[in-house]
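In what follows, a single structure is set out as structure tokens and then discussed.
The values are calculated or read from the model by the stated rules, or taken from the named source; none is laboratory data. Since the structure is predicted, the reported quantities are computational estimates derived from the model, not experimental observations. Don't worry about glycine lacking a Cβ; one is built from the backbone with ideal geometry, like all the others, and counts go over all protein chains shown.
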């Protein structure tokens, strides 16, 4: 970064004036004011949304915890009849589902939305309204899924939903649809959050914070965000196949018509195993922030930890088969996946020992967060060691689906996630709420939780080895299972009581309690710049960072920050602004205007949720109406809140620097968001393609002789037109950038016509080839690929129309061209989708077909 | 003595009080947790030695279960040592160590603890796994074959009979000790998993596939198998008896099992059985009853359990099952016959109880 000493001196002289600073603060307050009254719920700022998100995730967790207590109460004694078999099965299904989908993953998103901008010295995340949309989606989906148990309509197929138990509509009822649609909706929200957080880490770091100065939390968020991008879409693809089978009788998992229940298991665990690390890594990220503070020294082995986190992320995608060791796969693949499963212990070990090294080298201050961190270590290491055991395939043949695995996974998740999260709660609470939590209550909670947990879950190792399977609503007496089960029940209730102390400590009124001192733990990272009580503006001025622990290392850092001696100390136009910097070196490249409060995202989420909820109950008209309203709400949100044409080209960001207010193409955050979203989209698409080739490997005659290849004409016509539309769209982008505003609308209209024709031809193609999707898995697979492609082309058409309208309204011009850049990028991915679909459906039968 | 010295110190230097109090509290915690740990370990060890139910993986009656049981102990010891090392380091690092540590020491610690040791241990473990796995589940082409189908919520069993014809049975598996038996596992409805913990690990039964599982039972006795994959409402009530017999006794039993029903065909209970349509679902070889939907009942009274491992085979249990099917086993496919007069129920149950 070019440093102009003269300009800095000028900036400092200017900030010396207290009256000016006061005026600046007033303008900032006004720009970032939190709406009051019922309008409070229109807030989109990360500090509000992050708080709601966290509170909601904890509320869902308590609900799921109550279900677990019911489960434990039923299993306290053999042959118990406290609850019915059916209710028990709903309870454990919903317990697992809610803990995983409504707590463990969302709490990562929640905490990251709340803390990340603060850690990066940013005023907000780049797409606050997307966070708000994600939150409302999460709330609606969660209430929908959990509420089902009050109507005896909860899913009861296990959180893994193995077909054919769950595709059999007689045995699975509406609960399965609630699971599939409710959770798909939440997965979409999770991907939205991942996109937001990835762009946040890459583009919203403060000037000077080169990528190797990023706080470890940021690295973990990046790794986990990318993992979500590649792990959730396979499940969404699986959900699509699943719902098509349930609603339309397409036989993806029905062996009688060529389907295979194992495909679901593959897709589910390709999601499900990385999911474990998606849960674990963010919690470790909290530990990575807590440990240096209480050791009062920088972390040891920063690069080791970053590499280990990335390594864990990579390896975690190669382990899913260890959930399928008993499905009869060949021994060679069992050996491979055993080895890969063991390998993941190595980067995990590196992270643990790096933390221990920092503690060893520092002077440890013991307090409640450290207590929970130590407890987490004690518990998690046991979970890790039993993980090493169950990764041994022949050992897993015994342990799989027994209480041994129940013990293992709870040791991993509670030690690897819940305890660190509670540590984080005690650590960050003073920063967020301004008040300390009680150390006395915290210690009581810790010991009750720690002892209760071990009393509850340690005996499960034994009862599992003594042959007790999982997911049983009752068990016979006389096998030596009575004592361990009773202990487990007692432990679970002690554990729950301990957690209630945490809840009480968090919620108890603290009106008379004095405010916590600022930076109460004497930490070194940016989030502790927060004032007590906190101001809504996020940061007073966006700091210039030269160290991993600027509060420890940079002289007069907090004073300079408070006096606005860094970037963007003012909000001249009373607009919400934050800085966008370059990915590697964090050079300021744009002053980003972020949108403020709105209800549009709320409505967009409500109506999108409506589509899923109404579809569950087969209320198609309502679903379609809701879908149209959702589309309107989203378009209104985009129209009024994105790609706004600024009143001037660039503005002074302080310290003698100026930055443009508008940026398009690969330097803009919007382009990156589209790119990242489409990576997730591609992984869903390739999961469907994986399905096609999976069937090819299990059937000697797939595709059936001659199928699909006899009428390639419509396929090729459709593909050709769609590729033409792609060409026209990208050309339109290029001519507009070149300043040719006359050719642009013509090219876009041509692109729309080509896309519409292409979509129609593509949809007609399998029908023309006589493919009946209910008859056999091959036509069903072709149809699903075609529908996927057509839906994307349809979305592409909406985007092209949007560009045309924006152009007509002069919101899209040769200078201000974000919209067409992003739409052209979308169409690149559509082109890949079209090409791969056509190559598979038309081309593959020629080279790999049976018969 | 130490206690009094601390007290004196506190008297003389009151400002130390808080610190020593903390110290003492911590000491108490350590000794309390230490005692608790020791007691728990002893209790667990004691109960482990005592607990050997018929469904325990540690009540070994097969080669694979034996190898896994000994592996378990090795792993438990190794895990215990590693846990103590890691936690010991943590306690040392957070509570005991004082003063700066050389960067080199810290780097060596990360490398040794995080990379070197785990790679060594896990590498050894994986090598062992692959080597062991290649010796397990090797089928014997000449050995006995048994087809087992998991159905909601019972087990359909067919032995390869002495004359090559299948011998139908249900909810019980009998195996010759010392021989290698291949099971062909399948399912017509949902995924189940076949598991006899005392003999070997489990194998899933997946619709559309036939999975083979090789068992090498070693010790005669009566054991219990169970469905390990969640398979719907009454998953918890899907077990079976396992009888491992000396090979001669097994051959004799199989020959007996292949014979038609032993009870008199003039039994009044048989007439009622047929009259009420039971034969539409159940087969009793040697009678008109030839249903294939439910379990074969030809020798039902010779089995060790009723209703897939959940009831004893007694007159009373049979009556209970026939009249309260869905209370005994929620959502069972067989409807309850509680509308029949008690006397008829008793007669049918009496007839079934005679099907040795």
Check: Does segment B:273-290 hold any residues that are surrounded by 18 or more Cβ atoms within 10 Å (Cβ to Cβ) and touching a helix residue (DSSP H, G or I) at 6+ places or on another chain (Cβ under 7 Å), and which are they?
Finding: B:273, B:279, B:287, B:289
Next item on the list: For residue B:287, state whether it is out of contact with any strand residue (DSSP E or B) (no Cβ under 8 Å at 6 or more places or on another chain) and part of a loop (DSSP other than H, G, I, E, B).
Entry: yes
Item checked: Out of A:372, A:337, sole residue that is surrounded by fewer than 24 Cβ atoms within 10 Å (Cβ to Cβ), touching a residue at least 24 places away in the same chain (Cβ under 8 Å) and either at positive phi or more than 7 Å from chain B (Cβ to nearest Cβ) (or both) -> A:337
Check: Of the residues B:340, B:297, B:318, which single one is within 23 Å of residue B:250 (Cα to Cα) and in contact (Cβ under 8 Å) with a residue 24 or more places away in the chain?
Finding: B:297
Note to self: Return the residues of segment A:69-94 that are buried (at least 21 other Cβ atoms within 10 Å of the Cβ) and more than 27 Å from residue B:311 (Cβ to Cβ); say none if nothing qualifies.
What the structure shows: A:93, A:94
Next item on the list: Give segment A:683-715 a look and list any residue that's out of contact with any helix residue (DSSP H, G or I) (no Cβ under 7 Å at 6 or more places or on another chain) and more than 30 Å from residue A:328 (Cβ to Cβ), or say none.
Entry: A:706, A:710, A:713
Item checked: Selection status of residue A:240, within 14 Å of chain B (Cβ to nearest Cβ) and more than 22 Å from residue A:139 (Cβ to Cβ) -> no
Note to self: As an exercise: evaluate residue A:117 against (1) surrounded by fewer than 20 Cβ atoms within 10 Å (Cβ to Cβ); (2) assigned to a helix (DSSP H, G or I) and give the number of the one condition it does not meet.
What the structure shows: (1)
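Here is a yes/no grid of residues against (1) out of contact with any strand residue (DSSP E or B) (no Cβ under 9 Å at 6 or more places or on another chain); (2) under 22 Å from residue A:651 (Cβ atoms); (3) surrounded by fewer than 24 Cβ atoms within 10 Å (Cβ to Cβ):
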{"residue": "A:559", "(1), (2), (3)": "yes, no, yes"}
{"residue": "A:563", "(1), (2), (3)": "yes, yes, yes"}
{"residue": "A:593", "(1), (2), (3)": "no, yes, yes"}
{"residue": "A:596", "(1), (2), (3)": "yes, yes, yes"}
{"residue": "A:607", "(1), (2), (3)": "yes, no, yes"}
Item checked: Which numbered condition residue B:244 misses (of (1) more than 30 Å from residue A:465 (Cβ to Cβ); (2) in contact (Cβ under 8 Å) with a residue 24 or more places away in the chain; (3) away from chain A (no Cβ under 14 Å)) -> (1)
Notebook entry, point to check: Can residue A:326 be described as facing chain B (nearest Cβ under 9 Å) and over 24 Å from residue B:87 (Cβ atoms)?
Noted result: yes
Check: Which residues, taken from segment A:160-175, are surrounded by fewer than 21 Cβ atoms within 10 Å (Cβ to Cβ) and more than 10 Å from every other protein chain (Cβ to nearest Cβ)?
Finding: A:169, A:170, A:173, A:174
Notebook entry, point to check: Looking at residue B:279, is it assigned to a loop (DSSP other than H, G, I, E, B), more than 16 Å from residue B:154 (Cα to Cα) and in contact (Cβ under 8 Å) with a residue 12 or more places away in the chain?
Noted result: no
Check: When you look at residue B:79, is it in contact with a strand residue (DSSP E or B) (Cβ under 8 Å, 6 or more places away or on another chain) and either surrounded by fewer than 20 Cβ atoms within 10 Å (Cβ to Cβ) or assigned by TED's automatic domain parsing to the domain that holds residue B:325 (or both), yes or no?
Finding: no
Check: Which residues, counting only those in segment B:246-270, are surrounded by 16 or more Cβ atoms within 10 Å (Cβ to Cβ) and farther than 30 Å from residue B:219 by Cα?
Finding: B:263, B:267, B:269, B:270
Next item on the list: Answer with yes or no whether residue B:236 is under 28 Å from residue A:326 (Cα atoms), within 13 Å of another protein chain (Cβ to nearest Cβ) and part of a loop (DSSP other than H, G, I, E, B).
Entry: no
Item checked: Any hit, segment B:102-117, residues being assigned to a helix (DSSP H, G or I) and under 24 Å from the mean Cα position of the chain (by Cα) -> no
Note to self: If I ask for residues that are more than 7 Å from chain B (Cβ to nearest Cβ) and in contact (Cβ under 8 Å) with a residue 60 or more places away in the chain, which ones from segment A:377-401 would you list?
What the structure shows: A:379, A:386, A:390, A:391, A:396, A:399
Next item on the list: Please work out if residue B:225 is within 14 Å of chain A (Cβ to nearest Cβ), within 25 Å of residue B:281 (Cα to Cα) and assigned to a loop (DSSP other than H, G, I, E, B).
Entry: no
Next item on the list: Count, please, the residues in segment A:332-369 that happen to be under 26 Å from residue A:275 (Cα atoms) and assigned to a helix (DSSP H, G or I).
Entry: 25
Next item on the list: Report yes if some residue within segment A:143-152 is within 14 Å of chain B (Cβ to nearest Cβ), within 29 Å of residue A:414 (Cβ to Cβ) and either surrounded by 24 or more Cβ atoms within 10 Å (Cβ to Cβ) or in contact with a strand residue (DSSP E or B) (Cβ under 9 Å, 6 or more places away or on another chain) (or both); otherwise report no.
Entry: no
Check: In segment A:439-457, how many residues are under 31 Å from the mean Cα position of the chain (by Cα) and either surrounded by fewer than 20 Cβ atoms within 10 Å (Cβ to Cβ) or within 15 Å of residue A:483 (Cβ to Cβ) (or both)?
Finding: 2
Check: Is it true that some residue in segment B:97-113 is closer than 24 Å to residue A:322 by Cβ, free of Cβ contacts under 8 Å to residues at least 12 places away in the same chain and at the interface with chain A (Cβ under 7 Å from one of its Cβ atoms)?
Finding: no
Item checked: The listed residue being buried (at least 21 other Cβ atoms within 10 Å of the Cβ), in contact (Cβ under 8 Å) with a residue 12 or more places away in the chain and either within 14 Å of another protein chain (Cβ to nearest Cβ) or touching a helix residue (DSSP H, G or I) at 6+ places or on another chain (Cβ under 7 Å) (or both), out of A:495, A:479 -> A:495
